[in-house]
1. For a quick check of your reading of the model, give me the residue pairs whose first member lies in segment 51-62 and is at negative phi and touching a residue at least 24 places away in the same chain (Cβ under 8 Å), whose second is assigned to a loop (DSSP other than H, G, I, E, B) and surrounded by 15 or more Cβ atoms within 10 Å (Cβ to Cβ), with beta-carbon atoms closer than 6 Å and at least 6 apart or on different chains.
2. Could you check how many residues of segment 1-48 are over 24 Å from residue 127 (Cβ atoms) and either at pLDDT below 90 or under 12 Å from the mean Cα position of the chain (by Cα) (or both)?
3. Which one is modelled with the highest pLDDT, of the residues in segment 49-58 that are exposed (fewer than 14 other Cβ atoms within 10 Å of the Cβ) and not in a helix (DSSP H, G or I)?
4. Scan segment 8-40 for residues that are more than 15 Å from residue 74 (Cα to Cα) and free of Cβ contacts under 8 Å to residues at least 12 places away in the same chain and jot them down.
């Protein structure tokens with residue numbers, strides 16, 4: 001048991017270092033920062049509880065991202081059966097956005113991004129925002145590299161169309 005202890009400690013330290021990347025990836029699934037933080041926390045709890053199942057020599061980041069992705073989709077499946085309240089609650093529309101041009105454009109991009117399908121948002125975030133390789137993204141999304149490339153291409157085109165940019 002003592003020979004397993006140092007690798008577990010190293011893995012825990014590496015997990016802590018990956019928390020910022022997990023938070024960024026969680027934001028692709030959850031628009032609300034609090035929900036994203038909850039997803040990160042749930043992912044970390046599951047990862048630490050199952051650390052003995054992590055295979056040394058494989059990418060810890062990919063393993064954690066896969067746990068997060070599966071956790072999110074499980075949540076979606078469960079929440080589709082439970083309807084806690086109205087979708088368009090009046091209290092959600094009581095905020096005022098900044099009037100600066102950059103803020104307006106950022107909002108346009110955010111709206112266009114939110115209109116993308118889950119698979120496209122996920123790929124864009126992994127490859128463009130987080131800088132993951134096609135191979136890593138394919139591993140995380142459990143699909144072929146060609147699928148990653150085509151989803152990324154479609155996502156970029158759809159974003160440009162939504163933003164009224166020329167293709």
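The values are calculated or read from the model by the stated rules, or taken from the named source; none is laboratory data. Predicted model, so just to flag it, every value in this text is computed and none were measured. For neighbour counting, all protein chains shown are included, and Cβ atoms are generated from backbone atoms with ideal geometry for every residue, glycine included.
1. Pairs found: 61/18.
2. Of the residues in that region, 15 qualify.
3. Checking each candidate, the answer is 50.
4. Selection gives 9, 10, 13, 16, 17, 20, 32, 33, 34.
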